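The structure appears below as structure tokens.
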């Protein structure tokens, strides 16, 4: 079904695979009539050509990218624009699309949603952007319909910024990286590896894009096969997939932790652009006659079966048939994983979901940038037509990804078929993907064609004793389950005639409602501020020496950004840095905020010209021990803050709040064995936090929660680009440890030295 090549591969004419081994050179020479090196052939990838066209450094090893277009939604755009405004923003230099697909429900406790929306609209007017009102379209669908373009690059502040199927290389990053683009700076990254995703065969009629995506994610996530690399989709199987189908696979590449994606394009993608009235934006993309890839994922589409990603990660995949056959064992395995993910904070059991030997599901949802596409919903309607979901606990909701899609589904009868069956059809909204819509009941089990199923991602509140869980499935099998009144059912079980409806795009929906400045800024416009939209607090530059208290210690294999700063209801505080920070690690380590604030008292005392020992008694023996070896420490040359340890933090969302919330609470660093994604590490750096790496085994660390770590001459070490940082765990003695910072650009080091991105731009 899926095979991972252990070595790099050459691809000839887009179809023939030659493994990079001892025979490769001779084979290539025989077939091409010339000597071909891996370095030369690497320039034959689509990724290389697009990156080269957007690189401003003149050095393809160290890229400095300027993007063609930008996009943000309403969890992130206030912070991005506030950062850029504080740094001298006068006008959006490239088209910047502000969508409102995340906070469109009534806010409780924080910023009223429309306060942020008014902020966004006034900013679009003032700086020359676009504003998509709430419920009109989810961010990625709007970008696909209106802004993707062949050979272009788009940067978004949402991790699922992926438009590779349309020939657009898109990257999801933290808000700091968008602020840089708004200030005419570059996105700096080492040239990434490129992995071929070679598709062959043709999916069965009952198999959908989520089935393919989950199968790939399951094959590559745990071994990091594509981590921080570009996934390049090639092979004869690509032509067997519709544009919608490709889009549905592509958006899920984020869950592999790759950097970006790109696909070969053909007449089906040209048709997509034609339908949307943008024929001029189509560009045919293919790899060169000879292209070299750092690896290859070989996927036989014909062999993929309906899949399910069980809680609590998209890579936790099985076929649905496997789950049904080994139900008790697999549910037990999930329960064991929950002991790790949930830290035993609540009782969690799935065994009660077994009813008459079948898995009973409480909720089914098709939504967002992954599930809400036209073909997915049409297929779901075909499957459920003539059935009904029943009147028991099971519920079924569908969210079309944009109003144009919704209108076409109304016109072709799909909405009627869904509603007659008992389905609730809602407007474009990302809530089911991040915990702000259709939050399941306690102990409920939800199946979703959405992007993620991390713990609490569905909106349940572990801190209140409530837990629910999500499994990911394709829209087709979700509809089949709905037709079976909530009992887990793959789409293979139903004999369905798929109509294959034709899509028609109505551009007037956007023309009549979306604000488009056409790139013209109006400086006279005043930004509208709601009462809970706050500026970033002042942040100090990196001191000469640093004293860090470990205030949280996390030993999960991976720590998601949802655990670092929960999504869902906390997002109502998105525009208030200090208000939002109160929720940092609330689901993973509820004591974190209090511990961090206690340490922060010392730094605030230093900044006020007071002695930190007078506000934090526990510092006295710590400083006494440090003074035995470093007697001059503390005389105007010391910063005091907090740090956390996590094995592998930063999987999941791109939202910068995962880092900024730590910073405004006095965080100076993270310590990790590795960082799950580039985007989280970038967020740390942009907020002036040191992304330390330790090679110590996490079960045998030299430090523990509550320990102080002294890092002498840290400022000089950053300036001198030291590969290793000498630090000390402060106890009865100073116990030396070694920390590393990894590769950093000169600009990133300067941001760290200045204390954050805002300080960097202020000079």
*Scan the helices (runs of 4 or more DSSP H) fully inside region 405-506 and keep the ones with 2 or more residues being assigned by TED's automatic domain parsing to the domain that holds residue 314 and within 29 Å of the chain's Cα centre (by Cα).*
431-434, 475-483
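Right, residue 102: in contact with a strand residue (DSSP E or B) (Cβ under 6 Å, 6 or more places away or on another chain), buried (at least 18 other Cβ atoms within 10 Å of the Cβ) and closer than 24 Å to residue 429 by Cβ or not?
Values: in contact with a strand residue (DSSP E or B) (Cβ under 6 Å, 6 or more places away or on another chain): no; buried (at least 18 other Cβ atoms within 10 Å of the Cβ): yes; closer than 24 Å to residue 429 by Cβ: yes.
No: the conditions fail for residue 102.
Mind listing whichever residues of region 507-544 are part of a helix (DSSP H, G or I) and surrounded by 13 or more Cβ atoms within 10 Å (Cβ to Cβ)? Explain how you work it out, then say what you get.
Step one: filter region 507-544 for residues part of a helix (DSSP H, G or I), giving 508-511.
Result: 509, 510.
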*Looking at 193, 208, 167, 174, which one is under 17 Å from the mean Cα position of the chain (by Cα) and in contact (Cβ under 8 Å) with a residue 60 or more places away in the chain?*
174
*If residue 710 passes every condition in (1) within 22 Å of residue 64 (Cα to Cα); (2) buried (at least 23 other Cβ atoms within 10 Å of the Cβ) but one, which one does it miss?*
(1)
_Exactly one of these conditions fails for residue 634: (1) farther than 25 Å from residue 605 by Cα; (2) modelled with pLDDT under 95; (3) assigned to a loop (DSSP other than H, G, I, E, B). Give me its number._
(1)
*Quick one: which strands (runs of 3 or more DSSP E) sit completely within region 127-216 and have at least 2 residues that are modelled with pLDDT under 95 and in contact with a strand residue (DSSP E or B) (Cβ under 8 Å, 6 or more places away or on another chain)?*
187-190
*Please state which of the following conditions residue 128 fails to meet, knowing it meets all the rest: (1) touching a helix residue (DSSP H, G or I) at 6+ places or on another chain (Cβ under 8 Å); (2) more than 30 Å from residue 742 (Cβ to Cβ).*
(1)
_Looking at 40, 19, 61, 6 in this structure, which one is surrounded by fewer than 18 Cβ atoms within 10 Å (Cβ to Cβ) and under 26 Å from the mean Cα position of the chain (by Cα)?_
61
_Residues satisfying the stated conditions in region 482-505, i.e. in contact (Cβ under 8 Å) with a residue 12 or more places away in the chain, loosely packed, with under 13 Cβ neighbours inside 10 Å and under 20 Å from residue 141 (Cα atoms)_ = 504
_Filter result (closer than 27 Å to residue 585 by Cβ, surrounded by fewer than 21 Cβ atoms within 10 Å (Cβ to Cβ) and in contact with a helix residue (DSSP H, G or I) (Cβ under 9 Å, 6 or more places away or on another chain)) within region 316-341_ = 335
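Matching residues to (1) farther than 24 Å from residue 293 by Cβ; (2) buried (at least 22 other Cβ atoms within 10 Å of the Cβ):
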position: 127; (1), (2): yes, yes
position: 134; (1), (2): yes, no
position: 178; (1), (2): yes, yes
position: 197; (1), (2): no, yes
position: 205; (1), (2): yes, no
position: 216; (1), (2): no, yes
position: 220; (1), (2): no, yes
position: 224; (1), (2): no, no
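Taking residue 596, is it in contact with a strand residue (DSSP E or B) (Cβ under 9 Å, 6 or more places away or on another chain) and within 14 Å of residue 665 (Cα to Cα)? Working first, answer last.
On the way: in contact with a strand residue (DSSP E or B) (Cβ under 9 Å, 6 or more places away or on another chain): yes; within 14 Å of residue 665 (Cα to Cα): yes.
For residue 596, the condition - in contact with a strand residue (DSSP E or B) (Cβ under 9 Å, 6 or more places away or on another chain) and within 14 Å of residue 665 (Cα to Cα) - is met.
Taking residue 729, is it touching a helix residue (DSSP H, G or I) at 6+ places or on another chain (Cβ under 6 Å) and either touching a residue at least 60 places away in the same chain (Cβ under 8 Å) or not assigned by TED's automatic domain parsing to the domain that holds residue 88 (or both)?
Values: touching a helix residue (DSSP H, G or I) at 6+ places or on another chain (Cβ under 6 Å): no; either touching a residue at least 60 places away in the same chain (Cβ under 8 Å) or not assigned by TED's automatic domain parsing to the domain that holds residue 88 (or both): yes.
Against the criterion (touching a helix residue (DSSP H, G or I) at 6+ places or on another chain (Cβ under 6 Å) and either touching a residue at least 60 places away in the same chain (Cβ under 8 Å) or not assigned by TED's automatic domain parsing to the domain that holds residue 88 (or both)), residue 729 does not qualify.
Can you work out which of the residues in region 703-720 that are touching a strand residue (DSSP E or B) at 6+ places or on another chain (Cβ under 6 Å) and part of a loop (DSSP other than H, G, I, E, B) is nearest to residue 742 (Cα to Cα)? Please lay out each step first, then the result.
Kept after step one, since they are touching a strand residue (DSSP E or B) at 6+ places or on another chain (Cβ under 6 Å), are these residues of region 703-720: 703, 705, 707-712, 714, 717.
Now narrow it down to the ones that are part of a loop (DSSP other than H, G, I, E, B): 703, 705, 707, 712.
On the way: 703: 21, 705: 24, 707: 24, 712: 18 Å.
Residue satisfying both the conditions and the ranking: 712.
Take residue 271 and tell me if it is crowded, with 22+ Cβ neighbours inside 10 Å and under 30 Å from residue 505 (Cα atoms). Give the steps one after another, and end with the answer.
On the way: crowded, with 22+ Cβ neighbours inside 10 Å: no; under 30 Å from residue 505 (Cα atoms): yes.
No.
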*Would you mind stating whether residue 413 is closer than 30 Å to residue 250 by Cβ and crowded, with 24+ Cβ neighbours inside 10 Å?*
no
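Picking from 625, 620, which residue would you name as being surrounded by 13 or more Cβ atoms within 10 Å (Cβ to Cβ), more than 30 Å from residue 161 (Cβ to Cβ) and either within 31 Å of the chain's Cα centre (by Cα) or not assigned by TED's automatic domain parsing to the domain that holds residue 155 (or both)? Working first, answer last.
Values: 620 fails: surrounded by 13 or more Cβ atoms within 10 Å (Cβ to Cβ).
After applying the criteria, what remains is 625.
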*asked:* Could you go through region 382-392 and let me know if any residue there is in contact with a helix residue (DSSP H, G or I) (Cβ under 6 Å, 6 or more places away or on another chain) and without any contact (Cβ under 8 Å) to a residue 40 or more places away in the chain.
replied: yes
*Scan (1) part of a loop (DSSP other than H, G, I, E, B); (2) within 19 Å of the chain's Cα centre (by Cα); (3) without any contact (Cβ under 8 Å) to a residue 40 or more places away in the chain for the single condition residue 684 breaks and write down its number.*
(1)
*Considering only region 109-122, how many residues are buried (at least 17 other Cβ atoms within 10 Å of the Cβ), modelled with pLDDT under 80 and either farther than 14 Å from residue 572 by Cβ or in contact with a helix residue (DSSP H, G or I) (Cβ under 7 Å, 6 or more places away or on another chain) (or both)?*
2
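The values are calculated or read from the model by the stated rules, or taken from the named source; none is laboratory data. Everything quoted here is computed from the prediction, not taken from an experiment. No Cβ is skipped: glycine too gets one built from the backbone with ideal geometry, and neighbour counts run over all protein chains shown.
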